[in-house]
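Here the structure is laid out as structure tokens; the discussion comes afterwards.
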Amino acid sequence: MPLSSPSPRKASGKSASPSPRKSADVSKTSRQEQPASNVRPLQAGEPGIGPSSSDLTLRNGTLSTDSRVEQVGRRTGVGYAGLNVSAEDLENANADDPRAIVWFDIDNTLYHKSTRIAQLMGQRIHAYFLGLGLPEAEAKALHTKYYKEHGLAIRGLLKHHRDIDPLDYDRRVDGSLPLDELLKPEAELTALLRDLDRTKCRVFALTNAYKSHALRCIRLLGLEDFFDGALYCDYAAGPLFCCKPDLGYYHAAAEIVGTRDTTKFYFVDDSEKNIRAAKELGWQSAVFYNEPEPENEAAQRARGVQETQEEREAVDTLNYGGLTMNGSAQYLDEKAVTQQVRSLSVSQRLKLFDIILTSALPSEIPSMQRAWKRYMSSTKDVVSTIPEGLCIAIFQKLPIRELLRCRLVSKKWLRIASHPQLWRSHALALTESDTDALIPPEDERHWEDIVKNLYLRERNWSLGLAQTVQLCEGHTGFVTSMKLRGKDTLVTGSYDGTIRIWKLSSSEAPVCKKEIKAEKIACLDFVLMGRGQGIIAAGLYDVGRTLMFDLRTGEQLQTLAGHNKGIRHVAVNQSYVVSTGQDKSICVFDHRTGERIIRFGQQLNVSLGVCLVDTDKLVAVTVDGIIRSFSIRTKKMLGEFDISKLSGARGEHADAMKALTGDGGMLSWFAADGTSLTVASKSLVAHLQWREHIVPVRARKDSAESSYSASPRPGAESKASSSSSVSTVSTPARRSGTSTPVRITTSKGEAPFTTSKPSSRSAAPPQSPVTARSSLSPSTPGRPTSVRTAVTSPTPAVSLRASQANVTPSKFGSSPSIQSFGRTESSTSLDDAETAATRLAPDLTIPPRLTSVLRTPEAAVGVVDPQKRRMVCANRFTSRAGVERRLYTSTYTDSQEGGSEATADQTGGPADRFVPIRGAWEARAAELSTPERNPMAMVLDHESIVVGCSDGLVYRIGFVGEEHSPSFNKAVETAPVSEVGDATITDLIQLRGVEGWKDLFLPEGTKDDHPGRVKVDLVKKVGLR
């Protein structure tokens, strides 16, 4: 569809807010307030949360509320028009009604695209913008902008313009459409709706149109007897009314019909965004109706659609006078002709071609055929004429699906599209963010097989298609914590007082390598030291102690005490152990000696989690949404930031962030990795990123610390090794061409290096960084840790807006400066020879950047893979009837600071959606989705999810393979499976064969008196009643 004439119904819009105005069409019958269990409650942060004071009225001396439909209409702007079921009937409906709810979109779904109603509607909207006094170009740009940002042009008009009458807009746009000439009843569509078994389902229309247009379309199509009612957008409710694909619209629809069980919902729509939103909320079946465009006029007539007056006049509007050169009819201006013809649509060009052939004389037909043959023979394959290396470079830009299609063009294209170098580049792109290095095949011809497996893996993740489920049995109590490090090492801790170390394999079931006897474990973390060595830190429930164990032998090394209540979270690296407790304090230990280095006790609330950043810094998040950063070396707090005030570059996420911890809400889970940070409540997830700055590499004399050695018993101190080697290397100075050697001390046995200190005379910044590698790890000689260093200015300037610098002064010291990098950390006095070496490090003195905000389906526990931008969460597996017990996965996108407005709302886009995990997990749902196996802890890598349950079971869900594919009915030949929804159809008749839907239809040959058939009042139909 051309951008200049966007479909006025299908677009992504921001969630709407409550509207004080009553919907004009809902029933005015007043009723007593229904029990809350009858209706799915709206979630925090959704439009219209909570009844307003205007909903409460005093009736007969008792406090009562308006009907549910009226309340929803006021809050969300979603209205209900009853056709065969009134709003009062919905109020009286049984909440435990087992029947499914079938939702049909109206525009471009109940009628065909070939009617061109969407184009006519777009023309009228454009004319309305012109009527506001806007120039042509500005009207077009504003129309497109409002369509993209608000979903409907009327929402943008009401929000940004004064004196806009929404009902007048509806009369001028939808109300002026010649629907009487374009819409006629269709026997096949009528039979489809008539065959829906009403003992199994209820049928509603779900549209973004206003009430009058929705009812008008249904009436003209002759379908008013087959719909219980229509849910529509109340344009008069204000600029913030909900529309598809706002999640608030779907929640309002569920509340209006009085059903909160989304597994009963079956939905068909012609918009991908609307389908994705429905699947995000867990609707049972969402079918994408992708009707192909008509190829010619004959196809239009075959579908019973009359050619519109606009189409008939399109060819007549060609400027024939401007097609000739110098006014001579003998010479055509080819450029003018090409421009005029290309301005026509495909169907109009075919119409023009048909006119030319029809008007030609019989004697001219052979010459036209020869001209056509010459044109076909002169059409060349440009790709086949250029060098093969350039062809491969071009084909590397193509997606994998398009690359496979190119094989069908010719033998040359087949050879190019099969080149190993081409598939190698795709394999590297697909594994760019994997933690494991890609192993090249022995035969380069197998690169394509590797790409196929990787492509299937990423497809399975995006669709939530689990391929395998492996059980890890052994624990007998709550699995409270687990960590996955390296390629195959998993450590789990349980309330049964044991720690288990598992070896994972992609082809075999996990094996428990070691069981460590401890006490009741609340949390744990571990770090690998290389060569099979490592340490485990385990926090205990009842007392404020942290136990240290050797990963290889299972021997207890230390007992760290510093809290007077239970431990909530621990983090460990090669130098420190950090723990947070119920006593609201944070303790830092040297795990080699067991010495407590510092205790930060100024927390005002309990910490949700803590993480170690940049070796000697830590970040803690409290349950009330306060982020605090600390320096272990200086023993000071670096910054304090309120999550609710981190609203993005332009404040586009302000409402969502306030809702994250607003109204007394608490954060429920936390995840951190490197410079990324994720915090979540029950219904919202916020992804944060620390900005990086340049700091000097600190090469202190005590950096050559002793390698870790296991003590024979708790409390024993580690032996220190003080031997180190010193070496020098030179790098060029920036301006003079000379170099100044800098001594870097490294651990014994490691490759020494030096870098250069810039000359004191040079003032210009470096043009490119010079990187070096150093080892700051004392435990793994021969396995250096990568440290990025650069010859650069010690304190480069940085631009930061004051609105983002919400740094709270620390009571331990003065507020850190945000005008230059590292004023508290980087400006520490060092030896002159050491200031030349610099590196990038997260700046914890300024607020983290908010990159994404997502709405979750009531998550109780979750985990994030920041490299893959992937998240998995689970709701609580309670024993309440009707509660969904599911795992969900999502791939989120990071909105860049100062990015386009199209990326401002990350809560409803197609990339930022949650899909339920299906496939192998769903096949074993009866075994795994029970209240006894409520997910307590989760970890994630690029191939699998590991879940720890409340009964002690640990299971691993793998996404590599193709055993489970997207579900669809193969009998529907013209309905290919797509990544949009559960199935894709090209004709509504194909719904009869879609998996799940076919059970809703009456069998062929069912008699008219079947109780599931709609009884049509023929007397009323002909207008006699």
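The values are calculated or read from the model by the stated rules, or taken from the named source; none is laboratory data. The shown structure was predicted, so the numbers you read here are calculated from the model rather than taken from an experiment. Here the Cβ is made from the backbone with ideal geometry for all residues, glycine too, and neighbour counts use every protein chain on show.
Points worth noting:
- Residue within the range 586-604 that is among the aliphatic types (A, V, I, L, M), farther than 16 Å from Phe630 by Cα, touching a residue at least 40 places away in the same chain (Cβ under 8 Å) and buried (at least 22 other Cβ atoms within 10 Å of the Cβ) present: no
- Matching residues in the range 432-485 - criterion: being charged (D, E, K, R) and farther than 24 Å from His964 by Cβ: Glu432, Glu442, Asp443, Glu444, Arg445, Lys483, Arg485
- Meets criteria (crowded, with 24+ Cβ neighbours inside 10 Å and of a type outside the set (Val, Ile, Thr)) for Ala538: yes
- Scanning the range 924-937 for residues that are surrounded by fewer than 20 Cβ atoms within 10 Å (Cβ to Cβ) and in contact (Cβ under 8 Å) with a residue 60 or more places away in the chain returns a single hit, Arg924.
- Number of residues in the range 226-247 that are under 22 Å from Ala93 (Cβ atoms) and in contact with a Leu (Cβ under 8 Å, 6 or more places away or on another chain) equals 6.
- Once the range 65-108 is narrowed to residues that are crowded, with 19+ Cβ neighbours inside 10 Å and among the β-branched types (Val, Ile, Thr), the residue that is farthest from Ser212 (Cα to Cα) is Ile101.
- Those helices (runs of 4 or more DSSP H) lying entirely in the range 330-413 with at least 3 residues in contact with a helix residue (DSSP H, G or I) (Cβ under 9 Å, 6 or more places away or on another chain) and of a type outside the set (Phe, Trp, Tyr): 334-342, 346-359, 388-395, 400-406
- Filtered by the rule that a residue be over 14 Å from Tyr888 (Cα atoms) and not in a helix (DSSP H, G or I), the range 268-283 gives Val268, Asp269, Asp270, Ser271.
- Counted residues, the range 550-571 - those being surrounded by 22 or more Cβ atoms within 10 Å (Cβ to Cβ), within 24 Å of Phe670 (Cβ to Cβ) and over 38 Å from the mean Cα position of the chain (by Cα): 2
- Just one of (1) modelled with pLDDT under 85; (2) not in a loop (DSSP other than H, G, I, E, B) fails for Pro910. It is (2).
- Filter result for Tyr111 (modelled with pLDDT under 90, hydroxyl-bearing (Ser, Thr, Tyr), out of contact with any strand residue (DSSP E or B) (no Cβ under 6 Å at 6 or more places or on another chain) and surrounded by 18 or more Cβ atoms within 10 Å (Cβ to Cβ)): no
- Condition check for Pro857: at pLDDT below 85 and either of a type outside the set (Ser, Thr, Tyr) or surrounded by 24 or more Cβ atoms within 10 Å (Cβ to Cβ) (or both): yes
- Those residues of the range 229-247 which are buried (at least 24 other Cβ atoms within 10 Å of the Cβ) and within 10 Å of Gly77 (Cα to Cα), in sequence order: Tyr232, Cys233, Asp234, Tyr235, Ala237, Phe241, Cys242, Cys243
- Matching residues in the range 228-267 - criterion: being assigned to a loop (DSSP other than H, G, I, E, B) and either among the polar types (S, T, N, Q) or not assigned by TED's automatic domain parsing to the domain that holds His161 (or both): Thr259
- Lys159 within 32 Å of the chain's Cα centre (by Cα), closer than 15 Å to His126 by Cα and assigned by TED's automatic domain parsing to the domain that holds Val257: no
- Matching residues in the range 402-446 - criterion: being touching a Phe, Trp or Tyr at 6+ places or on another chain (Cβ under 7 Å) and basic (Lys, Arg): Arg407, Arg424
- Only one of the listed residues (Glu307, Glu295) is at pLDDT below 75, touching a Lys or Arg at 6+ places or on another chain (Cβ under 9 Å), part of a loop (DSSP other than H, G, I, E, B) and acidic (Asp, Glu). That residue is Glu307.
- Pairs meeting the criteria (first residue in the range 625-648 and among the hydroxyl-bearing types (Ser, Thr, Tyr), second residue part of a helix (DSSP H, G or I) and surrounded by 19 or more Cβ atoms within 10 Å (Cβ to Cβ), beta carbons under 8 Å, at least 6 apart or on different chains) are Ser644/Met657; Ser644/Leu660; Ser644/Thr661; Ser647/Met657.
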